Structures are given as C-alpha cells and as structure tokens.
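Beneath this line is the structure, given in structure tokens, with notes to follow.
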Amino acid sequence: MREYYHLGRLADEKAKCAGQEVVLSYRDDEKGIWLPVCWRDFARQADALACRLIAERVEVQENMAVFTQNMPESLITDFAAFDMRAVTIPLYATSSESQVTYILNDASVRLLFVGEQHQYDVAMRVIPLCPTLEKIIIFDKKVKKAPHDSISVYFADFVAGEVSDADKKTLQERKTELCETDIANILYTSGTTGDPKGVMIHHSCWMAQFKSHYEVLGQHLFLPGQRSMDFLPLTHVFERGWTYLCMEAGVQICVNRDPHEILRSIQEVRPTMMCAVPRFWEKVYDGVQAKIVGFSPMLQKIISEALKVGKAYNLDYLDRGKHPSMMLTLKYKMYEKSIFRMLKKAIGLENGVFFPVAGAAIPPAIQEFIRSVGINLIPGYGLTESSATVSCAYGKISVGSIGRPLPGIEVKIGENDEIMVRAASITHGYYRKPEATKAAFDEDGYFHTGDAGYIKEGELYITDRIKDLFKTSNGKYIAPQVLEGLFCVDKYIDQVVIIADKRKFVSALVIPNYEEVARYADENGIPYADIRQLVANERVKEMIFHRMDTLQQQMAAYEKVKRITLLPEPFTMESGVLTNTLKVKRPVVAEKYKDLIDKMYE
C-alpha cells in the first residue's frame, strides 16, 4: 500500500529517493529558456527559508500571507511553512487593497510575501490599515522599493540572513512533531456576496485527496516524463490541490508566471497535463474554429468527417464503457495521426495525457468537440471547502455530467436539490467564524455546497448555484448558468449574464466578441466609428439575438431569453463585476447596469 506523505515531509523524502529529478521548472524571461529545479535543491531552499522564519519568531500554526502571481518562490514558501508547522494564506495577485486589508487583519498576519511591483505597491498602501503587519518579503528582485520603506526585504536577502544553531535545532524538532491535524492553508473565498470567509484546509484534507485521486487517476500520474503546466493561480484551490498532488506523484510542475503568456508557455513546454477552467477551453475552441474557417472546403469536409468519427469513438463508445468496432477504430487511428494531431499540435497539446477541468459548467458542445479530437478532458466538481475535488470523470461517463464522486467521498441530494458532501477532505470550518461553520453542516456532518444538482446512474450533475436561481414574477424558476453556458460557444459572444429575478421574462446582458462583430460589420457594410456605435447598431443586435435564439431552442418557453443588450466594455475584476476566480457578482451587475436592465422591461 502506498504511503501518502505529510506535505511537511514530502520535500525531504523526495530529496532522499529522487534528489536529481526535476520538481519544477520556470521561464527565465531574460534568457528565454526554462530552468529546472531538482528536488534536492528545492528541499534545501525550503529548509533555509524555514530556518530564517524561525529566526523571525514565526510560531507553530502562525499565519503568513503570500500575495503573488505563480512563482517558484511561492511554492518554496509553502513547503518551508509546512516544514515548520506554519500556515500559508494565498492572496490573488489581482486582489484589491480592501481585499488585502481584510484578509491580513482577519488572519492577524505578521509576515507578508509579495511577488512583483503591483503586489508590493498595494502592500505598501495598506500598511497603515494593518496593525499586525511587521515585514514584507519581496520575491522579484526587480521590484523598486519606496524611499520611505523600512519594513521590506528582498527574498534572496531574507533567506541569506543570519540563522543560529538553535534555529536549526528548532526546525528539526518541529519536523518530528508534524501532525495531520495541523492547518496547512487558509484559503479565503472570493465573496460574490458579503465578506470572504477563510476556509481552513488541514494536512489531513490534502492527504485524503491524494489517496482518493490515486485510486482513480494513478495510472496517468505515474507515467514517466509527465509535465503539468501551472496555469491557474495557485490561490485557486483547484490549481493548489492539483499542484500538490502532482508534486507528490513526481510530476514536473512548469510554472507559468504571466497568465497572458500561457499560449506561448504551452507551445514551449508541450505539457502532458494541465488543469483549467472552462473559459480556457472556450478560447481554445474559438481559436480552432477560426482556423478551420480559413481552410479549403475540401479540408473542412475532411475535418467534419473526422470529428464525427472522433465523437463516435471517444464519446459514444469509450466514455460509455463500450468497445468500438474494428472499422471505427481504424478510422479513428487514421484521423488521430493526421487531422487530430494537426489540430492538437497547433495548440501545443499533442503530448497531452489528460486535462482536468472544473470551476464552472462546461458547455456540452465544447466538451464534445474537445473529446472528439482526442484531448482527454476530465470534467470535475469541487469547492474550496472540499479541498478541491468532489467528483471527476472516471469510468463510464456522459457528456454534461461532472463525473462520479471520488472514493471516500459521500454525496447526497438534500432539500431544494442541494448537493451535500461528507468526507475526510472537507474543511473543518471557517477561520474564526464558528457560527458560519455550524451553519455549513447538517446534523449528520454533510456540508452544504450551495449547488443544486442530481445523481443519475452514479454520475453527478450540477444545475446551478441555489442562491443564483432566479424566480420570475410568474413564479417560474430560471437557472442562469445553464443558459449562459449555451451561448458561449458562439463565436460572436464573449460573456453573457442572465437577468430574470422578479422579472416578467428572461433577458441578457451580452459582451460580444468585439473583433468578430467588427469583422461581421465590415463584411456586411454596417458603418461604425467605435465599439459603442457597433454594439448599438440594430442589425448587429438582431444578428446576435437570432444566433442566441437558435442556441436556446431546446429550452422551455419561459426559460428563453426574450431581449438582450450589448455592452461596449467587458466584465472585469477591475470594474468590480468579477471575482478573482472570474465569477460574476450578480448583485453588482444588477446595480451597475440597472438603467439598461430596466429599459429592456419597459
């Protein structure tokens, strides 16, 4: 039986048995190359930082915050903290001053690690508002410190600081006292409504997840030469849990620092694995469709036939646990070596083994396309409170489901079709919020996920967030995320927010794909001087509405969008409409666009 290491022991154990193996790599932008870090060096750096933190009087289970984009230093900081039984609290690199202030004060943070210039500048501005904050440690040596700054130090200088023999002895003592009941991380929820809550994730939660994942995904994780692209923010529980799992399994982590450079990173690294949210695959789908449109009619016909074969082979047979015929297999293998390889190579995923995806519902059309070309997309479902995965696609699976619950995870459907979960990986509660913790569990210990769904033939399906369900003035319930997922496959549509609560009918605010809409206008002789004129044009609006109407044909009459408004600017985190995990703050939308919404109901 495999032993699952406490994260505080992991680096030391890997250094002993696989010291020269690469644990992570990162891009040196000055040289334009990816640099490797082996387990022996990683463990040494984690120990050196842990000793310095002890010298700074960091106590057992003391909270330290890490405010950065993905960087190797953030993982070193994590494992240094695990070594010495401290707690790390990740903050999104895009967090606002008010969010940073709230978290630092709520968790009484004394030491704050920051990544680049933006995070440093925000940290300097919140110092007067955070009485417990004593020191800022800067990862990026290129950060320019403020003239009046007296509390910050560069990461390299901090690690090189003085350490006594007593500090080294204390570290070794703490390593012998590591226990599963220690808190590893506190992850603050993004807070679509109200203040964020700190979700406590204990080491026992991560270890339970390791065990569950190995039972269903172990044959993929232990293949030699695996490389996982570290793309989502490590603040996101999905990426964090996945990264820890890969490190435990010996999969190399390729750290992508800049989200805007992900396509370049994929092309350079050619990863075998990468976890992502549906939005990434929507962009991939749009990009591939745009390429196909530019091909000759003959090649388009061949691709269409290949996709039919791919759908039959992967979705109709393999995903349903059936054996495809000899003829279908031969056809698929032929297209796999030609058409599908060409499409995957254009993205940089021709070496792909499997790609977990979660965070929102995957539009069925996109899931069908990605699986048809042979990209092993693994839909899943989880929450911060469940230490990531509750269910994922393994065994017989259907398009539209979010997989089967992992071994050791119990799921039941409660009142209002709420998905309820009980497992060793579930959080023990919210930091310093006993009332919220009590309200989150039922009398049998099941956690209230807040998501509505159902179970069919062992597969879990999610319909919507319960608090997001709208009730029209006619008493009909509307699931906005289902509708929003329908429309994002259209090349002219970028974002959609459904409006229906206490309204007579369903309407929508639509962010068009401005580039595609401008191309349509140019090709059809529609004049415009700027984006505002473009989205205000009735012919453009009618074109997009007609395409949306076609996509919603299967919906009931009361669920269909009746009116739309096209917006000239996208929903962003900076505007306050999106959370750090790119979820829509519906109350903010309702207030910010109230006049436009009311106009649709005049």
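The values are calculated or read from the model by the stated rules, or taken from the named source; none is laboratory data. Given the structure is predicted, the values throughout are model-derived calculations rather than measurements. Ideal geometry is used to build each Cβ from the backbone, glycine not excepted, and the neighbour counts take in all protein chains shown. Just the protein is used for accessible areas: all its heavy atoms, side chains included, with ligands, DNA and RNA removed. Shrake-Rupley method; radii C 1.70, N 1.55, O 1.52, S 1.80 Å.
With a Förster radius of 45 Å applied to the beta-carbon distance between E134 and E261, the computed FRET efficiency rounds to 0.85.
Rounded to the nearest Hz, the phi-derived 3J(HN,Hα) couplings of the range 94-110 under the Karplus curve 6.51 cos²θ - 1.76 cosθ + 1.60 (θ = phi - 60°) are 9, 4, 7, 4, 5, 5, 4, 4, 4, 5, 4, 6, 4, 9, 6, 6, 9, where x marks glycine and proline.
Among DSSP beta bridges lying fully in the chain, give the percent that are antiparallel, nearest 5. That works out to approximately 55 percent antiparallel. Label-to-label distance for E415 and D595 is 4.2 nm, based on points extended 7 Å past Cα in the beta-carbon direction.
For the range 312-317, 3J(HN,Hα) computed residue by residue from phi via the Karplus equation (6.51, -1.76, 1.60; θ = phi - 60°) reads 4, 5, 7, 8, 6, 10 Hz, glycine and proline entered as x.
Residues whose amide H comes within less than 5 Å of that of Y394, counting only those at least five positions distant or on another chain, are R404 (H built at 1.01 Å from N in the peptide plane).
Solvent-accessible surface of the range 182-308, averaged per residue with a 1.4 angstrom probe and all protein chains in place: 36 square angstrom.
Calculated on the alpha-carbon coordinates, the convex hull of the range 1-44 measures out at 86 cubic angstrom per residue. With a ≥ b ≥ c the root eigenvalues of the C-alpha gyration tensor of the chain, is it rounded (a/c under 1.5), prolate (a/b larger than b/c) or oblate? Prolate shape, in that a/c is at least 1.5 and a/b is the bigger ratio. For the range 16-124, the Kirkwood estimate of the hydrodynamic radius, built from every pair of different alpha carbons, is 15.0 Å.
Return the FRET efficiency for the residue pair L35, K504: r is the Cβ-Cβ distance, R0 is 56 Å, and the value is rounded to the nearest 0.05. Efficiency computed from Cβ-Cβ geometry: 0.40. Sequentially through the range 543-558, phi angles give Karplus couplings (6.51, -1.76, 1.60; θ = phi - 60°) of 4, 5, 4, 4, 5, 5, 4, 5, 5, 9, 4, 6, 7, 5, 4, 6 Hz, Gly and Pro residues having no value and appearing as x.
Quick one: helix 39-55 against the long Cα principal axis of the chain, what's the angle to the nearest 10°, folded into 0 to 90? Compared with the principal axis, the helix lies near 60 degrees.
Between E162 and T437, the simple label model (points 7 Å from Cα in the Cβ direction) yields a spacing of 4.0 nm. Specify the inter-centroid distance of the range 162-180 and the range 318-382, based on alpha-carbon positions, in whole Å. Taking the Cα centre of the range 318-382 as reference, the centre of the range 162-180 is 48 Å away.
Taken per residue, the accessible surface of the range 373-458 reaches 42 Å², heavy atoms only and a 1.4 Å probe. For the range 134-215, give the percent of accessible area contributed by carbon and sulfur heavy atoms, probe 1.4 Å, rounded to a whole number. For the range 134-215, the apolar C and S fraction of the accessible surface comes to 49 percent. Between the Cα long axis of helix 237-249 and the first principal axis of the chain there is an angle of about 60°, rounded to the nearest 10. For the set I419, I531, the ranking by accessible area, highest first and with no ligand, DNA or RNA atoms included, is I531, I419 under a 1.4 Å probe. Scanning residues 5 or more positions from N513 or on other chains, those with amide H under 5 Å from its amide H are I493, D494, with H placed 1.01 Å from N in the peptide plane.
The range 129-158 and the range 561-602 have Cα centres separated by 38 Å. For K16, the lysines whose Cα comes closer than 25 Å to its Cα, not counting residues fewer than 8 places off in the same chain, are K168, K169, K175, K211. Overall, the accessible surface of the range 18-104 at a probe of 1.4 angstrom is composed of carbon and sulfur to the extent of 49 percent. Annotation: amide H of R432 has no partner in the under-5 Å range at sequence separation 5 or more or interchain, hydrogens built in the peptide plane. Go ahead and collect, in residue order, the members of the range 424-443 whose backbone nitrogen is under 15 Å from a label point 7 Å along the Cα-Cβ direction of E180. Hits in the range 424-443 for E180 at 15 Å: 424-428.
Assign one of three labels to the range 428-545, namely rounded, prolate or oblate, based on the Cα gyration tensor with a ≥ b ≥ c the square roots of its eigenvalues; rounded applies when a/c is under 1.5, prolate when it is not and a/b is larger than b/c, and oblate otherwise. Judged from the Cα gyration tensor, the range 428-545 comes out prolate (a/c at least 1.5, a/b above b/c).
For K345, the lysines whose Cα falls under 30 Å of its own Cα, not counting residues fewer than eight places away in the same chain, are K31, K283, K291, K301, K308, K311, K322, K331, K333, K337, K396, K491.
Round to the nearest 10 and give me the degree value, 0 to 90, for the angle of helix 117-126's Cα axis relative to the longest principal axis of the chain. Between the helix axis and the principal axis of the chain, the angle is about 70 degrees. In terms of its alpha-carbon gyration tensor, the range 65-144 comes out oblate; a/c meets the 1.5 threshold, while b/c is at least as large as a/b. Using a probe of 1.4 angstrom, how much of the accessible area of the range 263-314 is carbon and sulfur, in percent? So the carbon and sulfur contribution to the accessible surface is 63 percent.
The stretch between E268 and S304, if pulled fully straight at 0.36 nm per residue, gains 10.1 nm over its current Cα-Cα span. At what distance in angstrom do the alpha carbon centres of the range 34-88 and the range 232-260 lie from each other? Each part reduced to its Cα centre gives a spacing of 16 Å. Volume per residue for the range 376-437 equals 102 cubic angstrom (convex hull of Cα atoms).
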